[in-house]
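Right, one structure below, let's go through it.
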Amino acid sequence: MKQTTLYGLTKCSTCVKARDWLTEHGVAHAFVDYRDDPVPAGTLTSWAGKVGGWEKLVNRASMTWRNLPEARKTAQTDAEWTALIAEFPALVRRPVTVTPDGEVSVGFSEKRYGERFA
């Protein structure tokens, strides 16, 4: 049986909340820290397509994004975005949740998880 997979950063407080919620509600899941196990470019591109584009996948409010030089914030193509994320994995919104049916979402809220895993 396939299980839900969360992608994020081990020390990210939102990822910890999401993992705790899944555990408390009996949802089998795996966690992948994408600093330790980088996500392949093709997977990132697929996620961007499923969540509504790079603008939804990349956290432009993050300190990582704000600290980038302006010239680095002009990615337009999938290749440019994936190269930027390969260099700065913390740019991806957290957590990315992938369910066995292939649905992909970003972020965590108890309400959304309650609806999704009801």
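The values are calculated or read from the model by the stated rules, or taken from the named source; none is laboratory data. The structure displayed is predicted, hence computed values, not measured ones. Reconstructed Cβ throughout: ideal geometry from the backbone, glycine too, with neighbour counts over all protein chains shown. Quick note on the areas: whole protein, heavy atoms, side chains included, nothing else; ligands and nucleic acids left out. Shrake-Rupley method; radii C 1.70, N 1.55, O 1.52, S 1.80 Å.
Starting at the first residue of segment 74-91, write each ³J(HN,Hα) from the Karplus equation 6.51 cos²θ - 1.76 cosθ + 1.60 with θ = phi - 60°, in whole Hz, x for Gly and Pro.
These are the phi-based 3J(HN,Hα) values: 10, 4, 10, 9, 4, 4, 5, 5, 5, 5, 5, 5, 4, 7, 10, x, 5, 5 Hz.
If you take the beta carbon distance between Phe88 and Ser46 as r and set R0 to 22 Å, what does 1/(1 + (r/R0)^6) give as a FRET efficiency, to the nearest 0.05? Can you show the working numbers first?
Numbers: r = 19 Å, r/R0 = 0.88.
Approximately 0.70, to the nearest 0.05.
State, as an integer percentage, the relative contact order of segment 1-53 based on alpha-carbon contacts under 8 Å between residues 6 or more apart.
Working: 36 pairs, mean separation 21.2, N = 53.
The normalised contact order for segment 1-53 reaches 40 percent.
In debye, nearest 20: dipole of the chain around its Cα centre with unit charges on the Cβ of K, R (+) and D, E (-)?
On the way: 16 positive and 14 negative charges, 63 e Å.
So the dipole magnitude of the chain works out to roughly 300 debye.
Could you identify which residue out of Pro69, Pro95, Pro40 has the top mean-square fluctuation in a GNM of the chain using Cα springs shorter than 10 Å?
Largest GNM mean-square fluctuation: Pro69.
Taking 1 over the mean of 1/r across every pair of different Cα atoms in the chain, what Kirkwood radius in Å do you get?
On the way: mean 1/r = 0.0681 Å⁻¹.
Answer for the chain: a Kirkwood hydrodynamic radius of 14.7 Å.
Any idea what the dipole of segment 1-66 comes to, in debye rounded to 20, about its Cα centre with Lys/Arg Cβ at +1 and Asp/Glu Cβ at -1? Don't skip to the end; give the middle numbers.
Numbers: 9 positive and 6 negative charges, 44 e Å.
Around 220 debye, computed over segment 1-66.
Choose one of Thr43, Thr5, Trp54: the residue whose Cα lies farthest towards the positive end of the charge dipole of segment 5-118 (beta-carbon charges +1 Lys, Arg; -1 Asp, Glu; about the Cα centre).
The residue sitting most towards the positive pole is Trp54.
Just want to confirm a number: the relative contact order over the chain, from Cα pairs under 8 angstrom separated by 6+ residues, in percent.
Values: 142 pairs, mean separation 41.9, N = 118.
Relative contact order of the chain: 35 percent.
Write down the accessible area per residue of segment 1-109 in Å², having rolled a 1.4 Å probe over the full set of protein chains. Intermediate values should be presented prior to the final figure.
Details: 5980 Å² over 109 residues.
I get 55 Å² per residue for segment 1-109.
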